[in-house]
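Step one of this worksheet: look at the structure below.
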Amino acid sequence: MVYEPHALFIVRRAVNQVVHLRGDPAMSDALDDQIEAYQALLPEIRRKHQSGWALVAKRRFIKLFGEFSEAAQYAQVHFGNEPVLIRHTDEKPETAPFVHIGI
Amino acid sequence: MGPELWVTGPNIEIKLFGVRGKPRTLDAIIDTGASATCLDQRIAQELGLTESNRKIMQLADGSETIATGYRAIMEIKGLGFHDWVEVFGINMATPSTRVLLGRAFLRRYIVNYNGPDETFHFFNASAGPVFNYLEEYDG
(Lines give C-alpha, C1' and ligand atoms only; values in the text may rest on other atoms or scores of the structure.)
Protein backbone atom coordinates (compact mmCIF):
# COMPACT_ATOMS: atom_id res chain seq x y z
CA MET A 1 0.00 0.00 0.00
CA VAL A 2 2.93 2.34 0.72
CA TYR A 3 4.11 2.03 -2.87
CA GLU A 4 0.72 2.48 -4.51
CA PRO A 5 0.93 6.26 -5.16
CA HIS A 6 4.37 5.77 -6.70
CA ALA A 7 3.09 2.93 -8.89
CA LEU A 8 0.21 5.14 -10.00
CA PHE A 9 2.68 7.89 -10.84
CA ILE A 10 4.71 5.50 -13.01
CA VAL A 11 1.61 4.30 -14.85
CA ARG A 12 0.42 7.90 -15.31
CA ARG A 13 3.79 8.95 -16.68
CA ALA A 14 3.87 6.01 -19.09
CA VAL A 15 0.33 6.77 -20.22
CA ASN A 16 1.22 10.41 -20.74
CA GLN A 17 4.16 9.39 -22.93
CA VAL A 18 1.78 7.42 -25.09
CA VAL A 19 -0.63 10.34 -25.17
CA HIS A 20 2.11 12.70 -26.37
CA LEU A 21 3.06 10.21 -29.06
CA ARG A 22 -0.52 10.15 -30.21
CA GLY A 23 -1.04 13.89 -29.95
CA ASP A 24 -4.62 13.65 -28.70
CA PRO A 25 -4.35 14.74 -25.06
CA ALA A 26 -7.90 16.01 -24.50
CA MET A 27 -9.51 12.74 -25.52
CA SER A 28 -7.09 10.67 -23.47
CA ASP A 29 -7.43 12.81 -20.35
CA ALA A 30 -11.16 12.24 -20.53
CA LEU A 31 -10.59 8.49 -20.92
CA ASP A 32 -8.22 8.60 -17.93
CA ASP A 33 -11.06 10.11 -15.89
CA GLN A 34 -13.34 7.22 -16.80
CA ILE A 35 -10.60 4.68 -15.96
CA GLU A 36 -10.04 6.35 -12.59
CA ALA A 37 -13.78 6.28 -11.87
CA TYR A 38 -13.97 2.63 -12.97
CA GLN A 39 -11.19 1.61 -10.57
CA ALA A 40 -13.10 3.22 -7.72
CA LEU A 41 -16.42 1.70 -8.80
CA LEU A 42 -15.14 -1.79 -9.60
CA PRO A 43 -15.60 -3.39 -6.13
CA GLU A 44 -19.23 -2.23 -6.09
CA ILE A 45 -19.85 -3.33 -9.69
CA ARG A 46 -18.46 -6.78 -8.85
CA ARG A 47 -20.55 -6.99 -5.68
CA LYS A 48 -23.84 -6.00 -7.32
CA HIS A 49 -23.51 -7.57 -10.76
CA GLN A 50 -22.14 -10.65 -12.44
CA SER A 51 -19.06 -10.33 -14.58
CA GLY A 52 -19.36 -8.63 -17.94
CA TRP A 53 -18.45 -5.58 -19.99
CA ALA A 54 -18.84 -2.48 -17.83
CA LEU A 55 -19.66 0.83 -19.47
CA VAL A 56 -18.47 3.92 -17.58
CA ALA A 57 -19.30 7.40 -18.83
CA LYS A 58 -19.26 10.82 -17.17
CA ARG A 59 -17.44 9.08 -14.29
CA ARG A 60 -20.55 6.96 -13.58
CA PHE A 61 -21.21 3.26 -14.02
CA ILE A 62 -23.88 3.03 -16.71
CA LYS A 63 -24.60 -0.62 -17.34
CA LEU A 64 -23.08 -4.10 -17.57
CA PHE A 65 -23.28 -5.99 -20.88
CA GLY A 66 -22.77 -9.61 -21.83
CA GLU A 67 -20.91 -8.76 -25.04
CA PHE A 68 -18.51 -6.00 -26.03
CA SER A 69 -20.56 -5.32 -29.17
CA GLU A 70 -23.67 -4.59 -27.08
CA ALA A 71 -21.72 -2.12 -24.91
CA ALA A 72 -20.18 -0.44 -27.97
CA GLN A 73 -23.57 -0.12 -29.67
CA TYR A 74 -25.12 1.32 -26.51
CA ALA A 75 -22.22 3.76 -26.08
CA GLN A 76 -22.56 4.93 -29.67
CA VAL A 77 -26.29 5.53 -29.39
CA HIS A 78 -26.26 7.23 -25.99
CA PHE A 79 -22.87 8.94 -25.83
CA GLY A 80 -21.77 9.32 -29.45
CA ASN A 81 -18.07 10.09 -29.59
CA GLU A 82 -17.86 11.15 -25.95
CA PRO A 83 -15.02 9.27 -24.24
CA VAL A 84 -16.40 6.29 -22.40
CA LEU A 85 -14.69 3.28 -20.92
CA ILE A 86 -15.72 -0.24 -21.91
CA ARG A 87 -13.82 -2.81 -19.89
CA HIS A 88 -14.47 -6.38 -18.83
CA THR A 89 -14.75 -6.80 -15.08
CA ASP A 90 -12.69 -10.01 -15.26
CA GLU A 91 -9.89 -8.33 -17.13
CA LYS A 92 -6.98 -10.62 -17.89
CA PRO A 93 -3.47 -9.69 -19.06
CA GLU A 94 -3.41 -9.21 -22.83
CA THR A 95 -0.79 -10.56 -25.19
CA ALA A 96 0.04 -9.35 -28.68
CA PRO A 97 2.92 -11.05 -30.45
CA PHE A 98 4.19 -7.86 -32.08
CA VAL A 99 7.89 -7.49 -31.45
CA HIS A 100 8.90 -4.34 -33.31
CA ILE A 101 7.20 -1.45 -31.62
CA GLY A 102 8.04 2.20 -31.45
CA ILE A 103 8.17 2.94 -27.72
CA MET B 1 -20.43 -27.90 -33.26
CA GLY B 2 -22.41 -26.06 -35.90
CA PRO B 3 -21.99 -26.26 -39.67
CA GLU B 4 -18.77 -25.25 -41.40
CA LEU B 5 -18.95 -21.58 -42.29
CA TRP B 6 -15.72 -20.79 -44.06
CA VAL B 7 -12.36 -22.20 -45.09
CA THR B 8 -9.49 -19.75 -45.40
CA GLY B 9 -5.73 -19.36 -45.23
CA PRO B 10 -4.14 -17.40 -42.37
CA ASN B 11 -4.33 -14.10 -44.30
CA ILE B 12 -7.77 -12.65 -44.77
CA GLU B 13 -9.29 -9.41 -45.95
CA ILE B 14 -11.30 -7.40 -43.46
CA LYS B 15 -13.04 -4.05 -43.52
CA LEU B 16 -12.67 -1.82 -40.47
CA PHE B 17 -14.35 1.48 -39.70
CA GLY B 18 -15.57 3.77 -36.99
CA VAL B 19 -18.52 6.13 -37.09
CA ARG B 20 -16.31 9.14 -37.89
CA GLY B 21 -14.19 7.82 -40.75
CA LYS B 22 -14.33 5.94 -44.03
CA PRO B 23 -14.18 2.14 -44.08
CA ARG B 24 -10.80 0.72 -44.95
CA THR B 25 -9.92 -2.69 -46.30
CA LEU B 26 -7.00 -4.24 -44.42
CA ASP B 27 -5.01 -7.45 -44.41
CA ALA B 28 -5.59 -9.48 -41.27
CA ILE B 29 -3.73 -12.48 -39.92
CA ILE B 30 -5.39 -15.12 -37.80
CA ASP B 31 -3.21 -15.20 -34.70
CA THR B 32 -4.10 -17.56 -31.89
CA GLY B 33 -1.11 -16.24 -29.93
CA ALA B 34 -2.73 -12.82 -29.59
CA SER B 35 -5.42 -12.49 -26.94
CA ALA B 36 -6.86 -9.35 -28.53
CA THR B 37 -7.28 -7.91 -31.99
CA CYS B 38 -4.40 -5.50 -32.58
CA LEU B 39 -3.28 -3.01 -35.19
CA ASP B 40 -0.89 -0.14 -35.75
CA GLN B 41 -1.96 2.89 -33.75
CA ARG B 42 -1.65 5.03 -36.90
CA ILE B 43 -4.41 3.04 -38.60
CA ALA B 44 -6.72 3.48 -35.61
CA GLN B 45 -6.17 7.24 -35.77
CA GLU B 46 -6.55 7.35 -39.53
CA LEU B 47 -9.90 5.58 -39.25
CA GLY B 48 -11.04 8.01 -36.56
CA LEU B 49 -11.88 5.19 -34.15
CA THR B 50 -13.22 6.14 -30.74
CA GLU B 51 -11.08 5.28 -27.70
CA SER B 52 -12.77 3.13 -25.12
CA ASN B 53 -10.04 1.42 -23.12
CA ARG B 54 -6.36 1.43 -22.29
CA LYS B 55 -4.31 -1.42 -20.91
CA ILE B 56 -0.87 -2.91 -20.61
CA MET B 57 -0.15 -5.48 -23.28
CA GLN B 58 2.61 -8.05 -23.20
CA LEU B 59 4.53 -8.64 -26.41
CA ALA B 60 6.14 -11.80 -27.74
CA ASP B 61 9.57 -10.82 -26.41
CA GLY B 62 8.16 -10.40 -22.90
CA SER B 63 8.26 -6.60 -22.95
CA GLU B 64 5.17 -4.58 -22.12
CA THR B 65 3.53 -1.61 -23.79
CA ILE B 66 0.44 0.46 -23.14
CA ALA B 67 -2.17 -0.08 -25.81
CA THR B 68 -5.26 1.98 -26.48
CA GLY B 69 -8.53 0.12 -26.98
CA TYR B 70 -10.90 1.39 -29.65
CA ARG B 71 -14.38 0.42 -30.65
CA ALA B 72 -14.70 -0.33 -34.33
CA ILE B 73 -17.04 -2.04 -36.73
CA MET B 74 -15.45 -5.00 -38.45
CA GLU B 75 -16.69 -6.73 -41.54
CA ILE B 76 -15.50 -10.13 -42.81
CA LYS B 77 -17.34 -11.12 -45.93
CA GLY B 78 -16.43 -14.81 -45.94
CA LEU B 79 -17.83 -15.23 -42.43
CA GLY B 80 -20.80 -12.95 -42.91
CA PHE B 81 -19.47 -11.05 -39.89
CA HIS B 82 -20.45 -7.44 -39.31
CA ASP B 83 -20.33 -6.19 -35.73
CA TRP B 84 -18.65 -3.96 -33.17
CA VAL B 85 -15.31 -5.23 -31.94
CA GLU B 86 -12.61 -4.01 -29.58
CA VAL B 87 -9.29 -3.38 -31.33
CA PHE B 88 -6.06 -2.32 -29.65
CA GLY B 89 -3.77 0.25 -31.21
CA ILE B 90 -0.06 -0.34 -30.63
CA ASN B 91 2.75 2.09 -31.39
CA MET B 92 4.66 0.18 -34.04
CA ALA B 93 8.19 1.16 -35.08
CA THR B 94 7.33 0.99 -38.77
CA PRO B 95 3.89 1.67 -40.24
CA SER B 96 1.87 -1.47 -40.78
CA THR B 97 -1.54 -2.08 -42.29
CA ARG B 98 -1.79 -5.58 -40.88
CA VAL B 99 -4.31 -6.52 -38.25
CA LEU B 100 -3.82 -9.42 -35.87
CA LEU B 101 -7.09 -11.25 -35.36
CA GLY B 102 -6.70 -12.59 -31.84
CA ARG B 103 -8.66 -14.87 -29.59
CA ALA B 104 -11.13 -12.16 -28.52
CA PHE B 105 -12.51 -12.40 -32.06
CA LEU B 106 -11.99 -16.14 -32.57
CA ARG B 107 -13.98 -17.08 -29.45
CA ARG B 108 -17.16 -16.67 -31.53
CA TYR B 109 -16.21 -19.71 -33.59
CA ILE B 110 -14.76 -23.17 -33.41
CA VAL B 111 -11.68 -23.00 -35.60
CA ASN B 112 -9.82 -26.08 -36.78
CA TYR B 113 -6.40 -25.74 -38.38
CA ASN B 114 -5.44 -28.08 -41.20
CA GLY B 115 -1.63 -28.16 -41.04
CA PRO B 116 -0.80 -29.75 -44.41
CA ASP B 117 -3.23 -27.44 -46.24
CA GLU B 118 -2.47 -24.41 -44.05
CA THR B 119 -6.16 -23.66 -43.87
CA PHE B 120 -8.45 -22.61 -41.04
CA HIS B 121 -11.92 -24.13 -40.93
CA PHE B 122 -14.49 -21.95 -39.19
CA PHE B 123 -17.53 -23.52 -37.60
CA ASN B 124 -20.38 -21.88 -35.79
CA ALA B 125 -19.71 -22.17 -32.06
CA SER B 126 -23.39 -22.60 -31.25
CA ALA B 127 -24.49 -26.20 -31.09
CA GLY B 128 -25.82 -27.75 -34.28
CA PRO B 129 -28.70 -30.20 -34.47
CA VAL B 130 -28.56 -32.79 -31.71
CA PHE B 131 -29.38 -36.34 -32.70
CA ASN B 132 -30.64 -38.63 -30.04
CA TYR B 133 -29.24 -41.96 -31.20
CA LEU B 134 -30.85 -43.90 -28.36
CA GLU B 135 -34.32 -42.76 -29.35
CA GLU B 136 -33.63 -43.45 -33.03
CA TYR B 137 -32.26 -46.91 -32.25
CA ASP B 138 -35.23 -47.81 -30.11
CA GLY B 139 -34.76 -51.55 -29.89
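Points worth noting:
- Checked against the criteria, B:LYS15 counts as touching a residue at least 40 places away in the same chain (Cβ under 8 Å) and more than 18 Å from B:ILE110 (Cα to Cα).
- Among the residues making up segment A:91-103, those that are open to solvent by less than 70 Å² (accessible area, probe 1.4 Å) and at pLDDT 65 or above are A:GLU94, A:THR95, A:ALA96, A:PRO97, A:PHE98.
- In the set B:ALA28, B:ALA34, only one residue is among the hydrophobic types (A, V, I, L, M, F, W, C), modelled with pLDDT of 95 or more and under 25 Å from A:HIS88 (Cα atoms); that residue is B:ALA28.
- A residue that is among the small types (Gly, Ala, Ser) and either exposed (fewer than 14 other Cβ atoms within 10 Å of the Cβ) or modelled with pLDDT under 95 (or both) occurs somewhere in segment A:37-50.
- Output for segment A:61-90, where each listed residue is more than 26 Å from B:GLY48 (Cβ to Cβ) and loosely packed, with under 13 Cβ neighbours inside 10 Å: A:GLY66, A:ASP90
- Residue match in segment A:42-51 (condition: within 27 Å of B:MET74 (Cα to Cα) and within 15 Å of the chain's Cα centre (by Cα)): no
- Scanning segment A:76-96 for residues being touching a Lys or Arg at 6+ places or on another chain (Cβ under 8 Å) and of a type in the set (Val, Ile, Thr) gives a total of 2.
- Selection within segment B:34-61 - free of Cβ contacts under 8 Å to residues at least 40 places away in the same chain, in a loop (DSSP other than H, G, I, E, B) and open to solvent by 10 Å² or more (accessible area, probe 1.4 Å): B:GLY48, B:ALA60, B:ASP61
- Taking the criterion of being part of a strand (DSSP E or B) and of a type outside the set (A, V, I, L, M), the residues of segment B:62-75 that qualify are B:GLU64, B:THR65, B:THR68, B:GLY69, B:TYR70, B:ARG71, B:GLU75.
- Apart from one condition, A:ASN81 fits all of (1) touching a residue at least 40 places away in the same chain (Cβ under 8 Å); (2) among the polar types (S, T, N, Q); (3) within 11 Å of another protein chain (Cβ to nearest Cβ); the exception is (1).
- Filtering segment B:2-32 to residues that are open to solvent by less than 40 Å² (accessible area, probe 1.4 Å) and either part of a loop (DSSP other than H, G, I, E, B) or among the acidic types (Asp, Glu) (or both) leaves B:GLY2, B:GLY9, B:GLY18, B:GLY21, B:ASP31.
- Sole residue being modelled with pLDDT under 90, on the phi < 0 side of the Ramachandran plot and not basic (Lys, Arg), chosen from A:PHE61, A:PHE79, A:PHE9: A:PHE9
- Summed over segment B:69-101, the residues that are of a type outside the set (A, V, I, L, M, F, W, C), open to solvent by less than 10 Å² (accessible area, probe 1.4 Å) and more than 7 Å from every other protein chain (Cβ to nearest Cβ) give a count of 3.
The values are calculated or read from the model by the stated rules, or taken from the named source; none is laboratory data. If you're wondering where the values come from, they're calculated on a predicted model, not measured in any experiment. When we count neighbours, we look across all protein chains shown, and the Cβ atoms used for this are built from the backbone with ideal geometry, even at glycine. SASA here: full protein model, heavy atoms, side chains in, ligands and nucleic acids out. Shrake-Rupley method; radii C 1.70, N 1.55, O 1.52, S 1.80 Å.
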